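Asker: Have a look at this one before I ask anything.
Taken together, the values in this text are just the output of simple stated rules run on the coordinates, not laboratory data. This structure is a prediction, so every number in the text was calculated from the model and none was measured. Methodologically, a virtual Cβ is constructed for each residue, glycine included, from the backbone with ideal geometry; neighbour enumeration extends over all protein chains shown.
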Amino acid sequence: MTSQKEWIKGIEGQNLQFKRERLLNDALNRWGLTKAHSVGPTSDLIRRCSPRSFEEWENYYFENAKQKKRNGAKVTKEHLTELGKKLYIKLSEVIQSELESITEEECVDYVFNLVLNRTFEGYRSEIQTIYGQLQQALMVKIEPAPDEWDRGYNVDFFIRVKDKYIGLQIKPAGYAYITQIVNELEFQKKTHEKFTTKYGGKVFYIISIKEGQKKIIHNREVIEEIKKEIKRLSFLQSR
């Protein structure tokens, strides 16, 4: 490759930019053409090499790279060339055929599905998973907060204790380290205090974390804290 090729910008051996890079990358990912089983564990190889120049890395790669699979073959320039040709076939034959068969209506339906259906299903799946776990652990009914509570008090769900309410807000793990969220925390703290003043119960953060394909409660100590708050409110109202 040289910088003279009209589809490439930059200098050979550096981080070249391709005019149709997104299309090329999507196709590579779709068919896994540059995964470790095909081109070797490149990240591990370059760390072992610790190259000071592109030429040093290129030589090391072709001397040491093997496909990461049983009886994996040595990776050669000819092999990478064949992968490029296979990519071209996938784009010019398979994707071209798909493009010719796609309709405007299909594109419109996809946009609506992606923006609305999948967002809703993802949200419902996460929320149901988290509050389902919490409901099972607490053995109490957890209810979705009305819209005005969401907007006014930053409360997603609530637990009713006679005529008092405990607020719950679900957050993804790492929320406290996101700059935008950090800036919002003081404001949320004030709205939570207003909730407590009006409805008697505290507001608790439930931190959601992904473990494999499942969402789980990260800060499980909050369960005991909520139990204590339920007990406190029950005691107050029994006096």
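Asker: Of the listed values (1) 65; (2) 73; (3) 55, identify the label whose number matches percent of Cα pairs over 21 Å apart calculated from this model.
Answerer: (2)
Asker: Name the long-range amide H neighbours of Ala145: under 5 Å, sequence gap of 5 or more, or other chain; modelled H, no Pro or chain starts.
Answerer: Excluding prolines and chain starts, which carry no amide H, the hits are Phe157, Phe158.
Asker: Using a simple spin-label model with points 7 Å from Cα along the Cα→Cβ vector, what separation in nm is obtained for Leu99 and Glu6?
Answerer: Modelled inter-label distance: 1.6 nm.
Asker: Here is a follow-up. Run down the aspartates and glutamates and flag those whose C-alpha is under 15 Å from the C-alpha of Lys231, throwing out any fewer than 8 positions away in its chain.
Answerer: Partners found: Asp163.
Asker: Further question on the same structure: Taking the Cα centre of the chain as the origin and placing charges on Cβ (Lys, Arg +1; Asp, Glu -1), which of Leu236, Ile223, Ile95 is farthest toward the positive end of the dipole?
Answerer: Farthest towards the positive end: Leu236.
Asker: Checking the a/c ratio against 1.5 first, then a/b against b/c, what shape does the Cα gyration tensor give for the range 72-139?
Answerer: Judged from the Cα gyration tensor, the range 72-139 comes out oblate (a/c at least 1.5, b/c at or above a/b).
Asker: A further question follows. Would the range 21-78 count as rounded, prolate or oblate if I go by the C-alpha gyration tensor, calling it rounded below 1.5 in a/c and otherwise prolate when a/b exceeds b/c, oblate otherwise?
Answerer: Since a/c reaches 1.5 but b/c is at least a/b, the shape of the range 21-78 is classed as oblate.
Asker: Which pairs in the list Lys19/Lys69; Lys35/Lys66; Lys189/Lys214; Lys162/Lys210; Lys35/Lys171 are over 23 Å apart, alpha-carbon to alpha-carbon?
Answerer: Distance filter (> 23 Å) returns Lys19/Lys69; Lys189/Lys214; Lys162/Lys210; Lys35/Lys171.
Asker: If you don't mind, there's one more thing I want to ask. Only counting other Cβ atoms within 10 Å, I'd like Cys107, Cys49 sorted with the fewest neighbours first. Don't jump to the answer; show the numbers that get you there.
Answerer: Numbers: Cys107 10, Cys49 16.
Placing the least packed residue first, the sequence is Cys107, Cys49.
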